[in-house]
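I have placed the structure first, in the form of C-alpha cells, so that the comments after it can refer back to it.
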Amino acid sequence: MPRPTSHSYYLAALAALGLAPAHAQQLEDVVISASRAEMRSFDAPAAVQRIDRQAIESGGPQINLSESLVRAPGLTILERQNYAQDLQISIRGFGARSAFGVRGIRLMIDGIPATTPDGQGQSSSVSLTSTDRIEVLRGPLAQLYGNSSGGVIQAFTKEASKVPTVDYQYYLGSYGLRRADYQFSDTVGDFGLVADYGTFSTDGYRANSAAERKQFNGKLSFQPNEQTKVNVVFNQFDMPLAQDPLGLKQDRLIADPTEAGPNAIKNGTRKIVSQSQLGTSIKYVLDADSSISTRVYYGTRENLQYQATALGAGTWVNLGRTYYGTGLQYNGRFNWGDVPLEVAGGYEFDRSTERRTGGAAAAGEKTAGSPTRDEDSQAQNSDFFLQTTAHVSEQFSLVGGFRQSNVSFNSTDNYLLDNIDGSGNANFGASSPVLGITWHADDTLNLYANYGQGFESPTLAEMAYSTTSLQRPTPLFNPLLNASKSRHYEIGAKWTPLRQTRLDFAMYQIDTTDEIVSAVNSGGQTSFKNAPGTTRRGWEFALNTQFANHFSASLSASSIDAQYSQEFSSIFVVSNVPSTRTVSAGKKIPGIPQASTFAELAWSSEPLSTGKKAPNGTRVALEWQQSGRIFANDLNTESADGRNVFNLALSQRWAWNQALLTLYGRLNNIADERYVGSIIVNQSALQFYEPAMPQNWMVGLSLSVPLR
C-alpha cells in the first residue's frame, strides 16, 4: 500500500469535519485586474478577490457596495447612513481620511474610469442591479493603475442574455426603504443589449437623512467582424435629494443617535447630484496571441450641496464638472527563447474641468447677492504603463512593470477676494516600478512576493484651501501640497486543498512619505498638509468552501497597524479656538479599524451547484461582521469602540420552465447593537460620529421571465 502523505492526513481530517465534498469542481474565478488580461484569480500573482453575481444578489437590496464588498479582506467600507457623503471606502488604510466620496482607490466600470485624474471617485456610479462581478485588487500590482495607492475596484456589467428577458426587482425595508428595478436584455444577431433602470428612496434612520435617487445603466455590445468586439456603455445617475444629518459629538451619540447634528435641520443640509457618462471600448484581435483595445469616454456631473458651519451659518457649494479621456492598450503572448512572455502595455489620458462656486445660504436656500467663491479648475493625467509576465519554468514566474504618471492641476480664481488672486497650478510626476515572483509549488498551491512603488496626488478639493496666518482655511489654491509616495512589500499564498475549498493569505508593509493629512479644520472647511511619514503593516485572510453538498462557508479577516512614523504639527480648532498640537510618532492613523472580520455560514435545501448561479429552493445564511476600534482624530483622543453584528438572510427560489421567482428577506443587526457606523476624520466641531442602524429588516422579490 502507498505510504500516507501529510496531505492525505489533512484531507482525512477535513472529511471528518464534513468539509470534503465527494463531487465538486475547483472554482475557476477569472479576473483581469492583476494582469490586464483574463486569467484565473488563483494564478494571479497578487491579492485579488472576485465578488460574483450570486454574492451581489444575496448581500441585500443592491443599493450600496458595502452590501457585498464586505467579503473582500483588506477593504473597509464604513456605512455612513448618509447618502449625501457616499460610502467611506479604504483599502489597506488608503482613503480613510475622505470626508466624502472615494479617494486613494481607483474605481473602474467596464474598463472606463469612475475616478477623476485627481483621484476622486463616487461609489454610487456602480449600478449593482446590472453588475455581473466586482474585482478588488490590492497591493503592489495596483500601483500600475496610476494615481491610487490603496488599490483598484472594478465592476463589470453583465452580458446580454441569448433570448429577450425581462427582470423585475422590488424591495421594502425599515425606515421607509423602497427599491425598484426594471431590466431588459436580449441578443439579436451580433448585437446584445442590457438596459437597467432603478429607483431608490428612504426616509432615513436619523433626522434629516432622507434620500431619493434614480439610475440607468445600459450596455450595447456588437461584433462588426470576427476580430472586433465593441461595447458602448451609457449610465445616468440622478439624486434630487440626499439630506445630510451631519456627525454627532460623543455625548449626543449616547443620548440620541437618531438626531441630526447641530444646525443640520435649520440649514437644510443636503446634496443634489446629476451625472451622465457615455463610453465605448473596442477590442481588436490581431491574431491568436495578440490584441489591441481602446476606450473613449465623456461625462458631466453637477453637484450642489448645502452645508452648515460650526457657527450656525449656512453655505452652499456648487461643482459643475466635465470629464473625458481615452486609452490604448496592447496585449500579447510570445516566446523569448524558451521563455513564454505575456505583455500588456499602453497609454492613458484623462482630463476633468470643474467650475466651483459658493456662497451664503439661509434655511437651505441660496441668499441674494453674488457668490463668495468662483473659480475654474482643471486636472489631467498622461500616463504610460508596461507589465510583463515571464514563465521562466513550470515552478516559477516573474512579473515586472512600471507606470510613468504625470498629473497636473490648474486653478483660476474669478472672485479675487480683497484683490487677492487665489489662482495656482501644480504638477506631479512619478515612476511606479513593480517586481514580483511566484512559486507554483503544485497545482493547488501558489506562493508569491511583490514589491512596488506608488504615488497619490492631492485632489482638487484638498488643494482648494490654504492655511493663512489667521489659522483658518482660506479659499486659495494651495501649491505647497505635495503628492504622497509609497513603497509596498507583499508576500502571499493561495491554496486549494480541496476542489471547492480555497484559502488566500497575504502579509504586507507599506511605507509612505508626504502622507496627506489635515492642517487646519474649521467651520466645515479643511486645508491639508503633508506628514513626513507613515507605516502600515497587516495581514489578510480569505476562506471559501462548500461541504456536505448543502452547506457553504466563507471567512475574510484582516488586521492592520497603521501609524504615523514621524511626528508633525497641525492646527486643531476646538470651540472656535485654534491651537497648534504635535502628533507624535506612533499615533494611529484615524478612520482605520484595526481589525475586521466577515463570516457566513449558509445552508441550501438543494445541492449546491458548481456554477455561479444560486440553486433553486431555500437558502438560509447567518452572517457575522466584526470591526475593531477606530480612532477619530490624529491625536487619538477620540475613538469608536469595535462592533460585533449578526445578520440573518433568507431566500426562496422557484423555477417555472425558464422563468425564475426569488423571494428575499434579511434581518440585520439581530442583537440590536448600538455602534458607530462611520467616522468623520478630524472633524473640527468634534462631531466625529455617524451612528449605524439598529436592528432593521428588508424583504424583496426578483422575477426573471424569458419572452420566448
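Residue by residue through the stretch 668-682, note down the ones that are of a type in the set (G, A, S) and surrounded by 19 or more Cβ atoms within 10 Å (Cβ to Cβ).
G677, S678
Please state which of the following conditions D86 fails to meet, knowing it meets all the rest: (1) in contact with a helix residue (DSSP H, G or I) (Cβ under 7 Å, 6 or more places away or on another chain); (2) farther than 19 Å from G299 by Cβ.
(2)
Do we have D238 as touching a helix residue (DSSP H, G or I) at 6+ places or on another chain (Cβ under 6 Å), free of Cβ contacts under 8 Å to residues at least 40 places away in the same chain and within 24 Å of I77 (Cβ to Cβ) here?
In short, no.
So if I check each of R351, R355, which one is over 24 Å from the mean Cα position of the chain (by Cα), assigned to a strand (DSSP E or B) and touching a residue at least 12 places away in the same chain (Cβ under 8 Å)?
Matching residue, one of R351, R355: R355.
Kindly list the number of the only condition in (1) in a strand (DSSP E or B); (2) touching a residue at least 40 places away in the same chain (Cβ under 8 Å); (3) under 22 Å from S559 (Cβ atoms) that fails for S651.
S651 satisfies all of (1) in a strand (DSSP E or B); (2) touching a residue at least 40 places away in the same chain (Cβ under 8 Å); (3) under 22 Å from S559 (Cβ atoms) except (3).
Of T438, T412, which residue is under 30 Å from the mean Cα position of the chain (by Cα) and at pLDDT 90 or above?
T438
Quick one: in the stretch 139-184, which of the residues that are within 24 Å of the chain's Cα centre (by Cα), assigned to a strand (DSSP E or B) and among the hydrophobic types (A, V, I, L, M, F, W, C) is surrounded by the most Cβ atoms within 10 Å (Cβ to Cβ)?
Among those residues, the one meeting the criterion is I153.
Need pairs with beta-carbon distance below 9 Å; first residue over 18 Å from G665 (Cβ atoms) and at pLDDT 95 or above and within the stretch 694-708, second hydrophobic (A, V, I, L, M, F, W, C) and buried (at least 17 other Cβ atoms within 10 Å of the Cβ); sequence gap 6+ or separate chains.
Cβ pairs passing all conditions: S704/L660; V705/L660.
Tell me which residues, restricted to the stretch 413-462, are in contact with a Pro (Cβ under 8 Å, 6 or more places away or on another chain), assigned to a loop (DSSP other than H, G, I, E, B) and not small (G, A, S).
Those that are in contact with a Pro (Cβ under 8 Å, 6 or more places away or on another chain), assigned to a loop (DSSP other than H, G, I, E, B) and not small (G, A, S): Y415, T444.
Quick one: in the stretch 188-211, which of the residues that are within 30 Å of S174 (Cβ to Cβ) and in contact with a helix residue (DSSP H, G or I) (Cβ under 8 Å, 6 or more places away or on another chain) is surrounded by the most Cβ atoms within 10 Å (Cβ to Cβ)?
The qualifying residue surrounded by the most Cβ atoms within 10 Å (Cβ to Cβ) is D196.
Could you check the stretch 392-412 and list, in sequence order, the residues that are surrounded by fewer than 17 Cβ atoms within 10 Å (Cβ to Cβ) and either touching a Pro at 6+ places or on another chain (Cβ under 7 Å) or free of Cβ contacts under 8 Å to residues at least 24 places away in the same chain (or both)?
The answer is S393, and nothing else.
For the stretch 85-110, give me each residue that is in a loop (DSSP other than H, G, I, E, B) and at pLDDT 90 or above.
Of everything in the stretch 85-110, those that are in a loop (DSSP other than H, G, I, E, B) and at pLDDT 90 or above turn out to be R92, G93, D110.
Based on what the data block shows, is N217 over 30 Å from P691 (Cβ atoms), crowded, with 18+ Cβ neighbours inside 10 Å and in contact (Cβ under 8 Å) with a residue 40 or more places away in the chain?
Taking the combined requirement at face value, the residue satisfies it.
Can you find even one residue in the stretch 306-321 that is of a type in the set (S, T, Y) and outside any strand (DSSP E or B)?
Yes, some residue in the stretch 306-321 is of a type in the set (S, T, Y) and outside any strand (DSSP E or B).
Are any residues in the stretch 54-68 among the small types (G, A, S) and at positive phi, and if so, which ones?
G60 - this is the single residue of the stretch 54-68 that is among the small types (G, A, S) and at positive phi.
Could you please find all residues in the stretch 358-378 being crowded, with 19+ Cβ neighbours inside 10 Å and either among the polar types (S, T, N, Q) or modelled with pLDDT of 95 or more (or both)?
The answer is S377, and nothing else.
Search the stretch 618-667 for residues being crowded, with 17+ Cβ neighbours inside 10 Å and among the β-branched types (V, I, T), and hand back the single one that is farthest from M693 (Cα to Cα).
T662
Just to check your reading of the model, which residue among Q62, Q81, Q85 is more than 10 Å from the chain's Cα centre (by Cα) and crowded, with 24+ Cβ neighbours inside 10 Å?
Result of the check over Q62, Q81, Q85: Q62.
Spot the failing condition for F528; the list is (1) among the aromatic types (F, W, Y); (2) buried (at least 22 other Cβ atoms within 10 Å of the Cβ); (3) in contact with a Gly (Cβ under 9 Å, 6 or more places away or on another chain), and only one is missed.
The single condition F528 does not satisfy is (3).
Hey, among the residues in the stretch 413-435 that are of a type in the set (G, A, S) and surrounded by fewer than 16 Cβ atoms within 10 Å (Cβ to Cβ), which one's nearest to G151 (Cα to Cα)?
That would be S431.
The values are calculated or read from the model by the stated rules, or taken from the named source; none is laboratory data. Since the model is a prediction, treat every value here as computed from it, not as a measurement. Ideal geometry is used to build each Cβ from the backbone, glycine not excepted, and the neighbour counts take in all protein chains shown.
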